[in-house]
Amino acid sequence: MSVSAESLTLRKLPREGKEESQFQIVLRRFLRHRLAVASVAVIVVLFVAALLAPLVAPFPRDAVDIAVATRPGPPGTMSSQGEMHPLGVDHLGRDLFTRLLYGARVSLSIAFIVVVISELFGVVLGAVAGFMGGWFDTVISRLVEFLLSIPTLPILLITASILIKTEAQLPLPAVATDFVSWMLAAPIQEANKVVVLMAILILLGWTGAARLMRGMALTLRNQDFVEALRAVGASNTRIIFRHIIPNGLAPILVNASLGLAGIVIAEATLSFLGVGVQEPTPSWGNMLSTAQSYMFQHPWLPLIPGIPLCLVTIAFNFIGDGLRDALDPRLKR
Amino acid sequence: MGRYIFRRLLQAIPTLLGVSILSFLLISAAPGDPVTLRTFGDVRMTEQARQVLRQQLGLDQPFFVQYLAWMTGWSVRQGDQVAALTTPQVRCSYWKGLQLTLCDRGGGILRGDLGTSLDTKQPVWARVVERMAATLELGVASLLLSLALGVPLGVLSAVHRGSVFDNVVRFFAVIFQAIPIFWMALLLILFFAVYLGWLPTGGRQTVSLTQEFDLGDRIRHLLLPALVLSFGGIAGFSRIMRTEMLEVLHADYIRTAQAKGLVSGQVWFVHGLRNALIPLMTVMGPAVVGVLGGAVVVETLFAWPGMGRLTVNAAFQQDYPVVLGTGMFFALLTVAGYLLSDLFYAAVDPRVRFE
């Protein structure tokens, strides 16, 4: 047997005039979902704004202005230097628009990093468990079942409150803290706590992807093409990474999109309760927590971090919906 | 049926054991300890006195020794310390082969004792039970609310598929599932409690000298937190009901019922709904988990004296016995929720029992 797995890969056949590729079909169907397309636009705008925060923001992130006329001040408040605060100032006279932008940086980057890592983790574990079966599958399945059957929020809260409040140096990889510190444009001490938070979210966040991928692997491994791959001597690793995972990716994409919304909410909730991202690093969650203390006199305050927060979570949900419709092979049109 | 229940009860044991190990591990891995936190800045405390306190609480012992003591009330020490550790209340014996002293201090979870709170010195059991009623009240109210609103919305949305009503329901289902509940809570407090002044901003009842039970007052306090907590459920249930109803509506027996000339309402809600409800049972378990998780946030926001708020406060205060106790209760409630939903499912669909 000298046939290698590579040589069996089909060469692309010349297509007849109008036929679309799989990607084009999915794209066309996704573009029909108007809310999902609008949501992508919202996310892109916010993402760019967050990325350019140091350039776009009218004030330094933590610049306190106690001489401003009213604190907290409504949109349009003038600073003591005579510049306008477009969205007003908080109780310390810090510019809310600036902090909103940096908050977007925190919320979005935490969400993207956590989701990418936990989905990767879940996909690989799930694919291997489903494909190989045996004791590994049993261990992973039981673990997933267990993690899905405990209320995540209380566990997150307890863990975060214990880890975040401590000043002790935790054994964190320098690569991670340096990267997060660079990304958030925040000093390393602040980055430390964000890394802890992300680690907790990842540890509890991979189960959905693992369960989905395991299910896909279970159905895929009995199909003829896998049999064919085995016959030509493809290794298990090759089958899993080149064939099982790419074929089972559709539900994972939907899951990741909904996961982004979930992580944004989880981070905001923890920060709101005071165990997530800590002041002075702004996050939409801890901005809302400050807003809560002043909202009875200034009812507009919760709207400023709240509206972008909801926009983001709703947008990720609509994108997930759009992807689900676009990737569903049963709705081929 | 009896055997099925028994088997499911047995399966709950590893979950509870897992939760106990996980929460205990988390807490012993945590840097900083409750003794330092409580005596911080106290000039009368010497490092030696702190060490004695730690020894009394058993905090100086390795993880598994502490875990064993917490579970069973048995404490283990190295070497022969029978003479030093024996008191009228504590019986000890020396285990020669392993060179370990084993003392039975009483208590332990397995004997139904969750330990005592570091802050109030009350038994954890009492503190949790005191709060449990409030959490159950809130959780049950919000589950009922989400079923009462979510199911009919889903059915009507499926029946009028493609109509304006359907589109509005589906749109808001996505919105309500996406919006963080704590923000929703802030807005509702501002609108109903501050702006309109119709409902109280928080608490479980109006504080008065007599503390008499006043049902109207209780309900007014319950309304906002239960509503906030049910948003996710309303959205989720209506989405599931819509999908299930759409499938059921194409079934032959629906056409038969319509051919017999039954009124539409009767066909949808009697013939259709019953069959569409079966899959709803499977999501009741996760719904209970969602409500319990949400309760932690909602209780904190509305100053609702439940287990969620107790957990948050105890975690901040590093009152570990209380944190562990509430953690176990959350796990117990979750397991109970899954168990109930499985039992309902087995009751409506006999095939499950014989698997």
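Listed values for segment B:178-193 are Karplus-derived 3J(HN,Hα) couplings in whole Hz (6.51 cos²θ - 1.76 cosθ + 1.60, θ = phi - 60°), namely 8, 6, x, 5, 5, 6, 3, 4, 4, 5, 5, 4, 4, 6, 7, 9, and x replaces Gly and Pro. Placing unit charges on the Cβ atoms of the charged side chains and taking the dipole of chain A about its Cα centre, the candidate lying farthest along the positive direction among A:Ile304, A:Ala53, A:Pro246 is A:Pro246. On a per residue basis, the convex hull of the C-alpha atoms belonging to segment A:100-230 measures out at 147 Å³. Positive end of the dipole of the protein assembly as shown (Cβ unit charges, origin at the Cα centre): among A:Phe179, B:Thr282, A:Ser118, the Cα lying farthest that way belongs to B:Thr282.
Modelled label positions at B:Gln51 and B:Gln258, each set 7 Å beyond Cα in the direction of Cβ, lie 8.3 nm from each other. Between helix B:273-282 and chain B there is an angle of about 20 degrees, using the helix long axis and the longest principal axis of the Cα atoms.
Shown for B:Arg3, B:Arg220, B:Arg170, B:Arg204: other C-beta atoms within 10 Å of each C-beta, ranked fewest to most, produce the order B:Arg3, B:Arg220, B:Arg170, B:Arg204.
Exposure proxy for A:Leu203, B:Leu9, A:Leu309, A:Leu260: other Cβ atoms within 10 Å of each Cβ, ordered fewest to most, give B:Leu9, A:Leu203, A:Leu260, A:Leu309. Remark on B:Arg91: its backbone amide H falls under 5 Å from those of B:Asp104, a criterion applied only to residues 5 or more positions apart or on other chains, H modelled at 1.01 Å from N. Computed per residue of the protein assembly as shown from DSSP H runs no shorter than four, each worth -39500 (n - 2.57), the mean residue ellipticity at 222 nm is -21000 deg cm²/dmol. For segment A:300-313, the Karplus equation 6.51 cos²θ - 1.76 cosθ + 1.60, evaluated at θ = phi - 60°, returns couplings of 6, 4, x, 6, 5, x, x, 5, x, 4, 5, 3, 5, 5 Hz by residue, with Gly and Pro reported as x. Annotation for segment A:96-187: GluC sites (Glu not before Pro) lying in DSSP loop with at most 15 further Cβ atoms inside 10 Å of their Cβ are A:Glu167.
Using Cβ point charges alone (K and R +1, D and E -1), the dipole size of chain B about the Cα centre works out to roughly 500 debye. With no solvent and one equal point scatterer per Cα, compute the Debye intensity ratio I(q)/I(0) for segment B:87-181 at 0.14 Å⁻¹ and report its log10, rounded to two decimals. After summing over all Cα pairs, the log10 values are -0.77. The three principal axes of the C-alpha atoms in segment A:117-166 carry coordinate ranges of 42, 22, 14 Å, sorted with the longest axis first.
Once the chymotrypsin sites (Phe, Trp or Tyr not before Pro) in DSSP loops with at most 10 neighbouring Cβ atoms within 10 Å are cut out of chain B, the longest remaining piece is B:41-212.
Computed over the alpha-carbon atoms, segment A:264-333 gives an Rg to Rh ratio of 1.21, Rh here being the Kirkwood radius from the mean inverse distance. The phi torsions of segment A:187-203, fed into the Karplus equation with coefficients 6.51, -1.76 and 1.60 and a -60° offset, translate into couplings of x, 4, 5, 5, 5, 3, 5, 5, 5, 4, 4, 5, 4, 5, 5, 5, 4 Hz, rounded to whole numbers, with Gly and Pro shown as x. Between 0 and 90 degrees, the angle of helix A:34-51 with respect to the longest Cα principal axis of chain A falls at about 60 degrees.
Go through B:Thr120, A:Leu229, B:Met241 and say which Cα lies farthest out towards the positive end of the charge dipole of the protein assembly as shown; charges sit on Cβ, +1 for Lys and Arg, -1 for Asp and Glu. Looking along the dipole axis, the top candidate is A:Leu229.
Summarising the label geometry, the points placed 7 Å from Cα in the beta-carbon direction at B:Ala347 and A:Ala199 lie 4.6 nm from one another.
Taking amide hydrogens as placed 1.01 Å from N in the peptide plane, the amide H of B:Thr116 sits under 5 Å from those of B:Val124, each at least 5 positions away in sequence or on another chain.
Classify the protein assembly as shown from the C-alpha gyration tensor, please: rounded if a/c falls under 1.5, else prolate or oblate depending on whether a/b exceeds b/c. Because its axes are fairly even, with a/c under 1.5, the protein assembly as shown counts as rounded. For segment A:193-333, the convex hull spanned by the alpha carbon atoms encloses 131 Å³ per residue.
Using C-alpha pairs under 8 Å with a sequence gap of at least 6, the mean separation divided by the residue count of segment B:173-231 gives a relative contact order of 41 percent.
If you bin all the Cα-Cα distances of segment B:267-312 at 10 Å, starting from zero, the percentages per bin are 26, 29, 21, 19, 5. The amide H of B:His160, built 1.01 Å from its N in the peptide plane, has no neighbour under 5 Å, considering only residues 5 or more places off or on other chains. For segment A:224-333, the set of chymotrypsin sites (Phe, Trp or Tyr not before Pro) satisfying both a DSSP loop assignment and a count of at most 14 other C-beta atoms within 10 Å is given as A:Phe296, A:Trp300.
The Cα atoms of segment A:209-251 cover 30, 16, 13 Å along the three principal axes, with the biggest extent listed first. To one decimal place, what orientation-averaged projected area in nm² is obtained for the convex hull of the Cα set of chain B? That works out to 26.5 nm², a quarter of the Cα hull's surface.
Kirkwood radius and radius of gyration were both taken over the C-alpha atoms of segment A:102-327, and their ratio Rg/Rh is 1.05.
Relative to its residue count, segment A:32-142 spans a Cα convex hull of 163 Å³ per residue.
If you plug the beta carbon distance of A:Leu120 and B:Val168 into 1/(1 + (r/R0)^6) with R0 = 41 Å, you get a FRET efficiency near 0.60. Of all alpha-carbon pairs in segment B:1-110, indicate the percentage at a distance above 18 angstrom. Tail of P(r) above 18 Å: 63 percent of Cα pairs. Taken over segment B:123-276, the ratio of Cα radius of gyration to 2.2 N^0.38 Å equals 1.34.
Quick note: the coordinates plus some simple rules give every number you see, no bench work behind them. Note that the structure is predicted; figures quoted are calculated from it, not measured. Note that each Cβ is placed from the backbone with ideal geometry, even for glycine, and that neighbours are counted across all protein chains shown.
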